[in-house]
Each structure stands twice: as C-alpha cells, then as structure tokens.
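Following: one structure in structure tokens, then a few remarks.
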Amino acid sequence: MITNLKMKLQKSIYLTTFFSIISLYVLSGQQILDSKCGYDFMMETYEQQHPGFKTAVSNTFEKIKKSEESPFLRNEILTVDVVFHIVWKENAENLHDSVIFNQLDILNKDYRLLNDNRDEIRELFKDLQADAGIEFKLKGIVRVKTNANFALSLTGLPDNVKNGSNGGSNAISPDKTLNIWICHIRPIPFIGGQILGYAYPPAGLDNWPAGSNAPSAGLDGVVLDFRVTGSNNPNQLTVQGMNYTSLGRTCVHEVGHYLGLRHIWGDGGGIFGGSSCNADDGMADTPNQGSETGFGCDKNNNTCIDAQNDLPDMIENYMDYSDERCQNIFTKDQVSHMRKVLFNQRQGLIEGQVSAYDVAENTSFRVFPNPVTDQAVLHFEENKTGTIQIYDILGKVVFIQKSWIFNSLSYLLTS
C-alpha cells in the first residue's frame, strides 16, 4: 500500500512538473519567437535544472566588474583565435567559406570600431562609443555532415551540436579558442519558438553551487543559425512572416555574451516579458531600458522615464534586439568589462601573446615583430645602461635581464 502511494505521488509530481514546463514555453512562445538570442531561455532553463545557476553567473559578473586589467596592457590589441564548426544536414546549411570570412570581417570591424555605420550614432551617445581593441583570427573551419536535428526543447538549448557522438562537432581547445557552431536551429517541436543564436556567459567555478553540474568546458562558445551568419549569406530567415535582414551582428551580439555582457535592458523581465526598468545590465554608461527593442530602429524609444538624467533607449547598442542596420556601438564600460573577462575568466584565449607596447613607443628602441608571439628582436639606437623586462599579456614577467650595457646591436629574445 505504501509502495502504491509512493508511485502515485511520483507520477503526480512528474505530471505536475511536465505540465508546468509546457505552460512555461506556451506562455513564453511569443517572446522566444521574437528573441534574437537564447540568453534568457538558457538562463531560465539552467536555473530550473541547476538551482543557483543565475546567482552564480551574477556573482561572477560582479567579480569581473571589481577586477582590474593588467596594468601593462590597457591599450593593447587582444587577439582571439576562432574555430567555426559548420554542422550541416541540407546543402544550403553548408555555408561557403566566403560567408565565414565575411562573418569574421564583421566581427573584427565591429569590435575595432571600424564598421561602416560607426558615425550613424546620435550625438548624445557619440562620446560613449569605444574601440574594444579585440581582434579575431581564423584558426580553422570544421565541416561535419550530420543526420541530427538541433532544436530547442523542453529541457534547454540544442547543445548536441557541440557533441560529435550526437551528430555535432566537438569543441577544439575551448579554453584557448572561441568555438562558433553554425547549424539549423529548429523551434520546439509542436510549440514553436525561434532563436537566432546563443552563448554561455563566463562563470567562475568557485561561485557555482555544489552539485550544480553546470555546462562543461566543451559546451562553451557561440551557436548561430546558418541563416543569420554573415551579411553575404544567400539564405533567408523568415520570422513571423517577415524576412529578417542579417548583417552578421547576431554573432557580434553572442560574442558579447561570451565575453560577459548582458542585454542592455538588464534581463529583468525574463522570458515572460515585463518591465526591466528596475533591472540593470551593470554598465554605468548604458541608459536605463525597460525592455528589448523589437527588431526596430525607432530613435524615439524611451521605455524608462527616469527622474534624473532621462535618456532614450540606446537602440544602437549591439546588446539590444534592435535592427542590425542601426547597431554600431559598444560603450566604454562594455569594452572595459569584456577586456577584464579576457584578463580573468577567459584568460586562456590570450595567454602566450607577448607585448612590447611600451618599448615600441620609445624612440630609442625598435621592436619587431610587434605584437610578439614567440620571438622578439630589440634594436637599440644608442648606448644605454639599465634593465630589460618583457611582460606577457597577463602582466607576468617572461624575460628579465639586469645591468646590461645596451648598444646598437640587436638582441634576440626567445619567449
């Protein structure tokens, strides 16, 4: 009798949980359908599976804000290696190399403030626009033909695209490389809901609750729908009966998440919508914003009326859901935050890059190549006495020589 009661209770709990999850996605289906990325979706589903997940990510975010960049390299260009995984089932999904090269070019232009539309920003935000000083270098393109489908589900995101045994492609050195998977992201079967891409934010393992069993390193990176990769893509995505114009900025947005940025409205409304005016994205120089911009470019949007220093929504920001044609800004605080992440939570991406920035600025020295990876040649134009120190990208001393008499010869330094 007790056994039967236990079975009935288990069945009841299971059914209640199942229908609660169904209700969650039915109620939020419109929001998911309109969503540019799966960040909210990911945060909510992982919070359900691993209670404390959102708190852990938030704690890491605050830890990053308080951290410092290396004092030696505040103006240094940081280079990130990128591997693109094209996981395709239909021929149209097997994107040509030219689309990948185009997407990489867009990343580099937008993160270096070299984008063609950089001057199309309202005057009140112009002084906030910043060059992130982050560049992306192609390490490789992996192509995997598959019979698998990659769809949103009642339990989360299509991370099977990152697993070779499940029809996807395994990550390559995820601690040292940005992996970007491109596939056909399908909606939840029988329910619907389309996202264009998603990425996991950095999470410091020390802040994760015990037993949370959060995503492994092999799941880290960015996932994009094949139809929104690049701006020269021959494939067209239709959302709610309307053609979506891709300029390759879904990738820019998702890499922002990967480097620790939140949505500009602070995600206060969650996947159910609602006002985010009491939420914050953690950036002091982004205006308070009540909700995402629904794929538009209306410069009159002002979703939060603030008593002091009231500003309109920053629809130009890459971390909004505005039309990609009007996006053209990372703010100074956003740039600082991403660089801190690269010096801390994602420092493996930039380890081994040796800089001679300060020396190169001195007219008495010549350093080549610059930036330096493996070897550097220092040429001194006049006799000097002193100490040579070279630091890596994290500020660690990798070469030191004291009490040299420097002359006009060249010295070969091996890292």
Quick one: in the range 279-310, of everything that is in contact with a Leu (Cβ under 8 Å, 6 or more places away or on another chain) and without any contact (Cβ under 8 Å) to a residue 24 or more places away in the chain, which residue is surrounded by the most Cβ atoms within 10 Å (Cβ to Cβ)? Asn288
Any hit, the range 170-186, residues being hydrophobic (A, V, I, L, M, F, W, C), modelled with pLDDT of 95 or more and assigned to a loop (DSSP other than H, G, I, E, B): yes
Report yes if His85 is surrounded by fewer than 16 Cβ atoms within 10 Å (Cβ to Cβ), assigned by TED's automatic domain parsing to the domain that holds Met314 and modelled with pLDDT of 95 or more, otherwise no. no
Residue count for the range 208-225, restricted to those that are in a loop (DSSP other than H, G, I, E, B), more than 16 Å from Gly260 (Cα to Cα), at pLDDT 50 or above and in contact with a Pro (Cβ under 8 Å, 6 or more places away or on another chain): 0
For the range 97-114, pairs from a residue that is more than 13 Å from Lys137 (Cα to Cα) to a residue that is charged (D, E, K, R) and in a helix (DSSP H, G or I), with Cβ under 9 Å and 6 or more apart or across chains, are Asp110/Arg249
Residues of the range 292-334 satisfying the condition of being more than 23 Å from the chain's Cα centre (by Cα) and under 16 Å from Cys251 (Cα atoms): none
Working only within the range 103-117, note down all residues that are assigned to a loop (DSSP other than H, G, I, E, B) and either at pLDDT below 95 or over 21 Å from His337 (Cβ atoms) (or both). Asp116, Asn117
For the range 258-275, give me each residue that is outside any helix (DSSP H, G or I) and either of a type in the set (A, V, I, L, M, F, W, C) or at pLDDT below 85 (or both). Leu259, Leu261, Ile264, Trp265, Gly266, Asp267, Gly268, Gly269, Gly273, Gly274, Ser275
Being among the small types (Gly, Ala, Ser) and not in a loop (DSSP other than H, G, I, E, B) is the filter here; which residues of the range 314-334 pass it? none
At pLDDT below 80 and under 16 Å from the mean Cα position of the chain (by Cα) - does that describe any residue in the range 191-207? yes
Is it the case that the range 250-257 has a residue that's of a type in the set (D, E, K, R), closer than 18 Å to Gln327 by Cβ, part of a helix (DSSP H, G or I) and assigned by TED's automatic domain parsing to the domain that holds Arg186? yes
Taking the condition more than 18 Å from the chain's Cα centre (by Cα), aliphatic (A, V, I, L, M), under 22 Å from Glu316 (Cβ atoms) and surrounded by fewer than 19 Cβ atoms within 10 Å (Cβ to Cβ), does Leu124 pass? yes
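The values are calculated or read from the model by the stated rules, or taken from the named source; none is laboratory data. This structure is a prediction, so every number in the text was calculated from the model and none was measured. Reconstructed Cβ throughout: ideal geometry from the backbone, glycine too, with neighbour counts over all protein chains shown.
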